[in-house]
Amino acid sequence: MNPSRNRTMEFDVDQLDGAGASDVRSGHWVDCLSRVAIQRDRTAFREVFDHFAPMVKSFAYKVPSLEQPDQFAEDLLQETMLKVWTKAASFDPKLASPSTWIFTIARNMRIDLLRKQARHVVNMVSMHAEDEDGEVDLEDIWFEDENSDVFNVLAQQRSRRQIHDSLKTLPPEQAYVLEKVYMEDKSHSEVAAELSLPLGTVKSRVRLALSKLKLIVDR
Amino acid sequence: MIRYHPDARFLTDYAAGSLPTSQALCVATHLHYCASCRVKIRDLTELGAELFSRQPAAAVEGAEFDRLMQRIDSQPAAAEGSATIRPINVVSILPRAVHKLTNGNLNELRWRRIGRNVRLSRLNVGDRQRETSLLFIKAGGSVPEHKHKGDEITVILRGSFSDREDKYAVGDFIVRTRRETHRPVASQDQDCLCLTTLDEPIEMSNWLLRLGLSVINRFSWPQAQHQAY
Ligand SMILES: [Zn+2]
């Protein structure tokens, strides 16, 4: 551990700026999740809930033009937290930090709920049910527990810190596009359509942002 | 050796969860073969988690927690806890999602015939905007030259093929945008199996019609399909 990391551990950065610092208290949430997994500890679960539920709900509200945003937010919160409870035993702190794990669950549940909604609408229109047989399971496409060869928590923490420190240096138009892609459930093409920009412009803004965050650079 | 990878756009949309399911299936399939993209996805997921954590908190009522606990209490105990045990198929050489979609048995799929050397089997990925299929090209065979109205993504699962521009191998993630023309030819020594997804499936259908598509399976197609062809 480098010294600066130890220093930040001494106070609760969450309380200071509330900005993406939940990984700093990572150890605490790891502890809570293992108590949930092993002892089915409801007090620990309540702590996890109280901390992450507001993020999950915000994440739900970010989806544009929902017909019933409150209902959707409530559903996403329930489904996500239910999964946290039932799958707590499969959480491995060596592979991911708690906030990353919960983000991937919320992301997958959001895709799932939106997909079910879309199917519902289609079925209403076409008057016959879509054949769901053999349809692929979401978890087989957006893995929650695979690729463990590259998923290790130290590497994650390193990039998390990097991201945390450099996000505030992004030019607004780059941060804006990232926010749309990640939080508003919009693909590059959808962002381009919404902002009336060529797809290439959106791509290059994201690419510039990613290289500033030292995440990925295209070959 | 993989030389063609999804670009930052595909990887970011995948990590963010905004990529349409069929294209996400292609990325996931590539990830099965490509460790360097798995590392990128790890980092891009971390970015998502950071943005997620930075959101302003939405109001949550205590009643919502109570409701959740009621739900948990009313669940049968057996459904809990065992989530770590997941049957992962180590026998299959196919990537997990493709294996699931095909039950690991390619022979049981409904294959349509395109010309002498090409077979196509549609997969149900729950994405109505695109047509996703497995494409089988016999060794030395070729897919008739075609133009795309929409974008096409192909990931090679077995064998290799080449077109005017290059030769592609297992794991390669090949994107052909609209208006590009190409004519993939499988290598002489091995049959080629690909996963492919195409925007604007109706145009695809017209394309097949022009080629004189013949349906070799004995199942009838759903109503909508008849109209399309
Ligand atoms: Zn790759």
Using a Förster distance of 22 Å, how high is the FRET efficiency between residue B:57 and residue A:67, based on the Cβ-Cβ distance and rounded to 0.05?
0.40
To make sure I understand the rule: partners must be lysines, Cα under 19 Å from the Cα of residue B:138, and not fewer than 8 residues away in the same chain. Which ones qualify?
B:167
Please arrange A:74, B:131 by counting, for each residue, the other beta carbons lying within 10 Å of its beta carbon, fewest first.
A:74, B:131
Under a plain spin-label model, where a point goes 7 Å from the Cα along Cα-to-Cβ, how far apart in nm are residue A:46 and residue B:158?
5.6
Whole-angstrom gap from region A:46-120 to region B:18-78, using each part's C-alpha centre:
6
Surpassing 24 Å at the alpha-carbon level, of the pairs A:116/A:203; A:186/B:40; A:83/A:214; A:87/A:214; A:180/A:214, are A:116/A:203; A:83/A:214; A:87/A:214
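No value in this document is a laboratory result; all are computed from the given coordinates. The structure presented is a predicted model; accordingly, all values stated were derived computationally and were not measured. FYI the Cβ positions are ideal-geometry reconstructions off the backbone, even for glycines, and counts take in every protein chain you see.
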